[in-house]
1. Could you identify the single residue in V141, V121 that is farther than 20 Å from V50 by Cα and either among the hydrophobic types (A, V, I, L, M, F, W, C) or modelled with pLDDT under 95 (or both)?
2. Within segment 265-306, which residues are part of a loop (DSSP other than H, G, I, E, B) and either surrounded by fewer than 18 Cβ atoms within 10 Å (Cβ to Cβ) or in contact with an Asp or Glu (Cβ under 8 Å, 6 or more places away or on another chain) (or both)?
3. Among the residues of segment 89-136, how many are under 25 Å from K211 (Cβ atoms) and not hydroxyl-bearing (S, T, Y)?
4. Kindly indicate which of I349, I364, I386 is surrounded by fewer than 23 Cβ atoms within 10 Å (Cβ to Cβ) and touching a residue at least 24 places away in the same chain (Cβ under 8 Å).
5. Of the residues K357, K317, which single one is in the same structural domain as H254 (by TED's automatic domain parsing), out of contact with any Ser or Thr (no Cβ under 7 Å at 6 or more places or on another chain) and surrounded by fewer than 19 Cβ atoms within 10 Å (Cβ to Cβ)?
6. Restricting to segment 41-66, name every residue that is outside any loop (DSSP other than H, G, I, E, B) and over 20 Å from the mean Cα position of the chain (by Cα).
7. Which condition number in (1) assigned to a helix (DSSP H, G or I); (2) surrounded by 19 or more Cβ atoms within 10 Å (Cβ to Cβ) is the one that Y249 fails?
8. Considering only segment 158-178, how many residues are out of contact with any strand residue (DSSP E or B) (no Cβ under 7 Å at 6 or more places or on another chain), more than 23 Å from L435 (Cα to Cα) and not hydrophobic (A, V, I, L, M, F, W, C)?
Amino acid sequence: MVQGMEGYQFQNWALTYSSNPELYFQPTSIEEVRQILELARQRGKKVKVVGGGHSPSDIACTEDFMIRMDKMNKVLEVDKKKRQATVEAGIFLCDLNEELARHGLAMSNLGAVAEVAAAGVIGTGTHNTGIEHGILPTQVVALTLMTAGGEILKCSDSLNEEIFQAARLHLGSLGVILDLTIQCVPAFRLHELQFPSTLTEVLDNLDFHMKKSEYFRFLWFPHTENVRVIYQDRTDKPVQSTSSWFWGYAVGYHLLEFLLWVSTFLPRMVPWINQIFFSLLSSGRDERVDCSHRIFTYECLFKQHVQDWAVPMGKTKEALLQLKAWLENNQAVVAHFPVEVRFARGDNILLSPCFQKDSCYMNIIMYRPYGKEVPRDQYWAAYEEIMQNAGGRPHWAKAHSCTRKDFQRMYPGFQKFCSIREQLDPTGMFLNSYLEKVFF
């Protein structure tokens, strides 16, 4: 019989949420997962599966049973002809990327963080950028799920199709993902070009930029007009880099954290910090070439709070200018840089923020220098109001204030997802406090 660990404390990467599960499990096989669920049924316990722990919310927290799938982390099969890889749910993308490269393959798009589990990526709807590319779950073509009752379901576009469209963004609420099959592409290198611009220029020429680069995003520095444009495009050029440890880490990490800590006592420093660091780090032109997964992923710096909502593509300019105007009219409120703006193609995944809509993601951030909390409530509330008014939907991994009533309005497929969840987990084994706010 599989054994659970007592006394384990879970903390997310940002150290903003934690919980103390009664028992903590790291199964090594499907049979052990089945035993854990059977024990939970016998004792009337909830079960939460956790991945890399990077979600900046309490979506992974529980006081009952916690399962970490990191010992079920194998690549089960690579079909070079179909360019598909079937992997166990617990494999981290950083390990998968290297394994795919050995087979001459790659994922077509990746989020910023590579230390995340494959099943976690489709649990919360990880995304990157590129209007010709969907969120990462759109790369999943099949998966295997164990329900609360121990039943194993194979799901794809041709098998249990409705469950598949729910499970590709499952919130950990449908069961335990055991494995998934990812549609890959031939391995490729990316040429990244970064250059300065202004918010006015970028918003006035948004269509041009999106057509100019396959993976286009930009970083706005609040309290200024400054923008850092980032193009990433496929190339046959050799690997090259102009990055500097001094500017990237000594200045861009350590000095920035120190100054943001000082600004907790002198908040009026923040607009100055945003301007100075744009001038120091982002006012020039930089280029690098590397294999795709090394370009897609990047350093998230120090601990932070974030919000990330997807608004309909046509609302990008309006929503961002409203956020800028609100900050200008509320000068006692400060906003750290950057506001990261990315784009994604619409899809048919029931709880995808891009469900049936090409979308723009706007990610705001407030760092926690040396772990110190920084006031953010007014900024957060204003941002959420602007995003809601623009028809936005929140990223599921991030902390937000939405309730079932909001989700019923936002998602045409929300009730269908709820029906599937109740069918697969009638007793609510996989719920926690975060999910109870979503579904009740």
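The values are calculated or read from the model by the stated rules, or taken from the named source; none is laboratory data. Here the structure is a predicted model, which means the values were calculated and not measured. Reconstructed Cβ throughout: ideal geometry from the backbone, glycine too, with neighbour counts over all protein chains shown.
1. Only one candidate qualifies: V141.
2. Taking segment 265-306 and keeping what is part of a loop (DSSP other than H, G, I, E, B), we get 265-268, 283-285, 297-303.
Result: F265, L266, P267, R268, S283, G284, R285, Y298, E299, C300, L301, F302.
3. Residues flagged as under 25 Å from K211 (Cβ atoms) and not hydroxyl-bearing (S, T, Y) within segment 89-136 amount to 15.
4. Numbers: I349 fails: surrounded by fewer than 23 Cβ atoms within 10 Å (Cβ to Cβ); I364 fails: surrounded by fewer than 23 Cβ atoms within 10 Å (Cβ to Cβ).
Exactly one of I349, I364, I386 is surrounded by fewer than 23 Cβ atoms within 10 Å (Cβ to Cβ) and touching a residue at least 24 places away in the same chain (Cβ under 8 Å), namely I386.
5. None of the others qualify; the one that does is K317.
6. So in segment 41-66, the residues outside any loop (DSSP other than H, G, I, E, B) come out as 41-43, 47-50, 65-66.
Residues satisfying the conditions are R41, Q42, R43, V47, F65, M66.
7. Single failed check for Y249: (2).
8. 2
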